[in-house]
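Below is one structure; the comments refer to it alone.
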Amino acid sequence: MLTLFRYISLENSQLGHKTKSSGAVLLESIRIKNGHADLLPYHQRRVDRSRRALFGKPPALKLDKILSEIDLPLSGLYKLRIEYGTEVLKQELVPYTARTINSLKLVEAENFAYGKKFTDRSGIRKCLEKKGHCDDILMVQKGHLTDASYANIALFDGQHWYTPAWPMLRGTRREQLLELGVIRPIVIRARDLDSFGKLRLMNAMLPWEEAPTLDCSAIIR
């Protein structure tokens, strides 16, 4: 039975991932379309939350100030990639084209947590090694669906779109769509896949209406 969750914006504490390492490197990928930064309040919220959890009370890091110092292209779609810790370590602006996803491989991902957006994605890369001929993976932890390798997921049952209540990473696009009521958080187990007809990928670079959508029959188990 699917269990509907009331949405609360919290870190992924159920995975027990608590890091106080001052050497941790965090990442934000911000969508820049025609000179405009998308989801900036959501990115700022995550930056503040992650830095507070990892570093205590470091000097403020304001994304709008960083953006004001960059000559943003006034046309086209770009990804602004910011690596940071107690301060900005690296930033780059690169043209962006969405990936084509036609198939997903269901993969067990039991041995790591990714509750904050770190540059270290070694656990996810190991899972990707198991994707075979599929375009991407759909990760499972403790029998529950979590995410694709680069995006949160939503599933459609014919009436509503639902997203796993326990994703590996709470993405900014997911946060926005939950607040807008476009998607609903529920517990989704791997065995519940047959209850859904379609799956959609979502992340900061993928607006809801443009996000890759595929039939659940394209998920290889």
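The table that follows gives values for the structure above.
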item: Highest-fluctuation residue, 89, 77, 26 considered, GNM on the chain with Cα pairs under 10 Å; result: 89
item: Alpha carbon Rg of segment 44-148, scaled by the compact-globule rule 2.2 N^0.38 Å; result: 1.32
item: Contact order relative to length of segment 69-133, as percent, for alpha carbon pairs under 8 angstrom and 6 or more apart; result: 24 percent
item: Theoretical gain in end-to-end length, residue 55 to residue 33 [0.36 nm per residue, Cα-Cα removed]; result: 4.8 nm
item: Cα shape, segment 93-153, gyration tensor, a/c 1.5 rule; result: oblate
item: Contour excess over end-to-end distance, with Cα ends at residue 189 and residue 110 and 0.36 nm allotted per residue; result: 27.0 nm
item: Positive-end residue of 145, 204, 214, charge dipole of segment 131-221 with Cβ unit charges; result: 145
item: Derived scalar couplings ³J(HN,Hα) [segment 68-78; Karplus, 6.51 cos²θ - 1.76 cosθ + 1.60; whole Hz; x for Gly, Pro]; result: 5, 9, 10, 7, 6, x, 8, 9, x, 10, 9
item: Selected from 190, 151, 98 as most flexible by GNM, with the chain as the system and alpha-carbon contacts under 10 Å; result: 98
item: Cα gyration tensor shape for segment 143-221, rounded if a/c is under 1.5, else prolate or oblate; result: rounded
item: Cα-Cα P(r), segment 30-106, percent of pairs per 10 Å interval; result: 16, 43, 26, 13, 1
item: Spread of Cα-to-Cα distances over 10 Å intervals beginning at zero, given as percent, for the chain; result: 8, 33, 37, 19, 3, 0
item: Integer Hz, Karplus 6.51/-1.76/1.60 couplings in order for segment 192-202, x for Gly and Pro; result: 7, 4, 5, 7, 10, x, 9, 10, 10, 8, 8
item: Potential extension, residue 208-residue 25 segment - 0.36 nm per residue separation minus Cα distance; result: 63.1 nm
item: Which listed pairs, of 57/116; 33/142; 57/126, have C-alpha distances above 28 Å, in listed order; result: 33/142; 57/126
item: Spin-label pair residue 79/residue 99, simplified geometry with 7 Å Cα→Cβ offset, distance in nm; result: 0.9 nm
item: Nearest 10 degrees, 0 to 90: helix 40-55 Cα axis against the chain principal axis; result: 80 degrees
item: Relative contact order %, the chain, counting alpha carbon pairs below 8 Å whose residues are six or more apart; result: 23 percent
item: Given charges at beta-carbon only (K, R positive; D, E negative), |dipole| of segment 108-221 in Debye; result: 340 debye
item: The chain, accessible area per residue, ligands and nucleic acids excluded (1.4 Å, Å²); result: 50 Å²
item: Three-way shape label, segment 68-116, alpha-carbon gyration tensor, a/c 1.5; result: oblate
item: Cα-only Debye scattering, segment 130-178: base-10 log of I(q)/I(0) at q = 0.21, 0.29 Å⁻¹; result: -0.79, -1.16
item: Amide H contacts of residue 138 (H built 1.01 Å from N, under 5 Å, at least 5 apart or other chain); result: 105, 106, 107
item: Two-site label geometry, residue 64 and residue 217: point separation in nm, points 7 Å out along Cα→Cβ; result: 4.9 nm
item: Helical mean residue ellipticity (222 nm; -39500 (n - 2.57) per DSSP H run of 4+; nearest 500) of the chain; result: -5000 deg cm²/dmol
item: Solvent-free Debye scattering, log10 I(q)/I(0), computed from the Cα coordinates of segment 92-215 at q = 0.22 Å⁻¹; result: -1.52
item: Per principal axis, descending, Cα span of segment 176-221 in whole Å; result: 29, 21, 14
item: Estimated dipole of the chain in Debye, rounded to 20 [Cβ of Lys and Arg +1, of Asp and Glu -1, Cα centre]; result: 600 debye
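The values are calculated or read from the model by the stated rules, or taken from the named source; none is laboratory data. All values derive from a computational prediction rather than experimental measurement. All Cβ positions, glycine included, derive from the backbone under ideal geometry; neighbour counts span all protein chains shown. To get the accessible areas, we keep the full protein, side chains included, count just its heavy atoms, and leave off ligands, DNA and RNA. Shrake-Rupley method; radii C 1.70, N 1.55, O 1.52, S 1.80 Å.
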